[in-house]
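Step one of this worksheet: look at the structure below.
The values are calculated or read from the model by the stated rules, or taken from the named source; none is laboratory data. If you're wondering where the values come from, they're calculated on a predicted model, not measured in any experiment. Don't worry about glycine lacking a Cβ; one is built from the backbone with ideal geometry, like all the others, and counts go over all protein chains shown. Side chains are part of the model used for accessible areas, which takes the heavy atoms of the whole protein and leaves out ligands, DNA and RNA. Shrake-Rupley method; radii C 1.70, N 1.55, O 1.52, S 1.80 Å.
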Amino acid sequence: MSATGKKRILSGMRPTGKLHLGHLVGALSNWKRLQETHACFFMIADWHALMSEYKNAAALREYITDNVIDWISCGIDPEKSVIFVQSQIPEHLELCMVFSCLTPLGWLERCPTYKEQLRELATREINTYAFLGYPVLQAADILLYRADVVPVGEDQLPHVELTREIAQRFQHVFGKEIFPQPQAELTKTSRLLGLDGRKMSKSYNNAIGLSDAPDLIKQKVMQMITDPQRIRRTDPGRPEICNVHSYYQAFAAPEIAAEIAQACRQAAIGCTDCKRRMGELLCSYLAPVQQRRAELLHNREKLDAILADGRARAQRVAAETMRDVRALAGI
Ligand code: TRP
Ligand code: SF4
């Protein structure tokens with residue numbers, strides 16, 4: 001709980017690439033809503049990015065600022081929320097070290113995301129000491145701010161569960177409860193799929209970037225896969241299985257989405273026109289976001305001031321928690 005009596009939230013993103021529509025419909029729209037009712041800490045998880053991208057670390061710095069610019073352009077308000085960079089607050093690593101002392105290896109080896117990532121990121125050498133400890137650092141991120149709620153995607157649930165177990169173990173070992181039991185809050189919005197119908201991801205090369213130029217956005221939308229059974233223009237379509245229609249649901253007014261669905265079922269609109277219209281719609285949806293992005297890109301001082309303010313606000317809370325931890329851990 002924060003000083004203002006609001007529940008505390010911490011969430012983070014790894015700065016491993018430019019952001020796309022999936023981030024906007026998934027995490028960012030959720031964060032934007034939550035910042036109205038909660039005391040929010042939104043973190044660039046650059047240590048976590050380094051764990052898998054250490055061989056390509058030169059790109060990290062650029063993604064850190066680029067992602068923060070997109071967060072703010074999408075409506076994360078630096079006055080309401082604390083926006084900060086994990087590696088600028090040394091207490092994350094201190095708390096991680098304390099947690100490392102009391103986290104059994106078996107918990108980490110059994111973690112489903114660990115095994116999955118070792119398989120999925122086969123091209124990266126991540127059979128490392130740090131990568132096994134990925135969830136321990138994430139637990140430190142969350143508990144350092146004594147967060148009550150952690151908005152995450154489904155894939156992160158095992159990490160929030162492990163965080164709760166680490167908090168309990170800390171209490172058991174040191175005999176005092178100084179951490180809340182954080183709850184995961186699942187991102188509700190249905191996940192927006194990529195151009196090819198798979199999960200939207202930079203590595204699948206099927207994403208529409210938040211900073212893509214309008215022409216590129218329109219071109220990408222034209223490549224989208226539609227109802228495969230709709231072969232001729234006169235065949236009625238099935239909007240409920242069409243990815244283009246899910247974009248209407250995400251980005252158009254509900255009446256427009258309903259109108260398109262009906263026209264599709266009656267073969268009153270062709271897929272080419274339907275996609276052309278979606279391309280226009282996405283471009284006008286993103287225009288104000290891209291406008292704010294351009295302003296921030298050219299106002300480096302403003303961005304630096306936002307990050308310095310976030311750092312100071314995060315630092316205060318982190319130092320307070322570490323004082324309590326150090327007292328209990330005898331260091
Ligand atoms: N592991 C998260 C992801 O890949 C990023 C992250 C790091 C995070 N620390 C966090 C998310 C703390 C929530 C809370 O998406
Ligand atoms: Fe999809 Fe639109 Fe074609 Fe219907 S008309 S199948 S919603 S692209």
Open item on the list: Looking at the stretch 123-146 only, could you name the residues that are outside any helix (DSSP H, G or I) and either within 16 Å of the chain's Cα centre (by Cα) or buried (at least 22 other Cβ atoms within 10 Å of the Cβ) (or both)?
Closed with: Tyr145
Open item on the list: Based on this model, can you work out whether Asp304 counts as assigned by TED's automatic domain parsing to the domain that holds Lys176, open to solvent by 20 Å² or more (accessible area, probe 1.4 Å) and without any contact (Cβ under 8 Å) to a residue 60 or more places away in the chain?
Closed with: yes
Open item on the list: Residue pairs, Cβ under 8 Å, 6 or more apart or interchain, first in the stretch 3-20 and under 22 Å from Ala140 (Cα atoms) and open to solvent by less than 80 Å² (accessible area, probe 1.4 Å), second modelled with pLDDT under 95 and more than 14 Å from ligand 1 (Cβ to nearest atom). List them.
Closed with: Arg8/Met1; Arg8/Ser2
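Looking at the stretch 266-285, which of its residues are open to solvent by less than 60 Å² (accessible area, probe 1.4 Å) and either closer than 19 Å to Thr234 by Cα or assigned by TED's automatic domain parsing to the domain that holds Asp77 (or both)?
Of everything in the stretch 266-285, those that are open to solvent by less than 60 Å² (accessible area, probe 1.4 Å) and either closer than 19 Å to Thr234 by Cα or assigned by TED's automatic domain parsing to the domain that holds Asp77 (or both) turn out to be Ala267, Ile269, Gly270, Cys271, Cys274, Lys275.
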Open item on the list: Looking for something without any contact (Cβ under 8 Å) to a residue 60 or more places away in the chain, closer than 30 Å to Pro228 by Cα, surrounded by 15 or more Cβ atoms within 10 Å (Cβ to Cβ) and out of contact with any strand residue (DSSP E or B) (no Cβ under 6 Å at 6 or more places or on another chain) - is there at least one such residue anywhere in the stretch 286-298?
Closed with: no
Task: Single residue of the stretch 236-252 satisfying the filter (open to solvent by 40 Å² or more (accessible area, probe 1.4 Å), more than 23 Å from the chain's Cα centre (by Cα) and within 24 Å of Arg191 (Cβ to Cβ)) that is nearest to ligand 2 (Cβ to nearest atom) - done: Arg238
- [ ] Return the residue satisfying two criteria in turn: it lies in the stretch 147-164 and is in a strand (DSSP E or B) and open to solvent by 10 Å² or more (accessible area, probe 1.4 Å), and of such residues it is nearest to ligand 2 (Cβ to nearest atom).
- [x] Val152
Task: Top-ranked residue in the stretch 180-225 [being open to solvent by less than 10 Å² (accessible area, probe 1.4 Å) and assigned to a helix (DSSP H, G or I); ranked as farthest from Arg14 (Cα to Cα)] - done: Val221
